[in-house]
1. Express the relative contact order of the chain as a whole percentage, based on alpha carbon pairs under 8 Å and six or more residues apart in sequence.
2. Multiply the residue gap between LEU4 and SER55 by 0.36 nm, knock off their C-alpha separation, and tell me the result in nm, one decimal place.
3. Counting only trypsin sites (Lys or Arg not before Pro) that are in a DSSP loop and have at most 12 other C-beta atoms within 10 Å, tell me the longest site-free stretch of the chain.
4. In the set (i) 60, 35, 22; (ii) 48, 21, 19; (iii) 27, 25, 23, which value of Cα extents along the principal axes in Å was calculated from the structure you see?
Amino acid sequence: MPMLLSTVRKGSRVRIAGLPLGDMRSQLIRLGLMEGTVVECLERLPGGTLVLLHSRQEVAVSTELAASITVSSL
């Protein structure tokens, strides 16, 4: 069942199901974050920023952006 990336708990691994449209989608794809990609939530920082791990790369995602990305549990 799809959920928002912004609701994922620290330590959870999820698969990206949907990205926002437009320029932000392109930027995420350049970082390797696309539909089907498995990411792990390493940290939830104060203010809501999420630190994600994908292919040994850490990516910080704002709360607003995370709320526009749908994921599914593994």
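1. 45
2. The LEU4-SER55 span can extend by a further 16.3 nm.
3. No qualifying site falls inside 11-55, the longest such stretch.
4. Step by step, Cα extents along the principal axes in Å for this structure corresponds to label (iii).
Only the coordinates and a few stated rules stand behind these numbers; no lab work does. Keep in mind that what you see is a predicted model, and the values were worked out from it rather than measured. Reconstructed Cβ throughout: ideal geometry from the backbone, glycine too, with neighbour counts over all protein chains shown.
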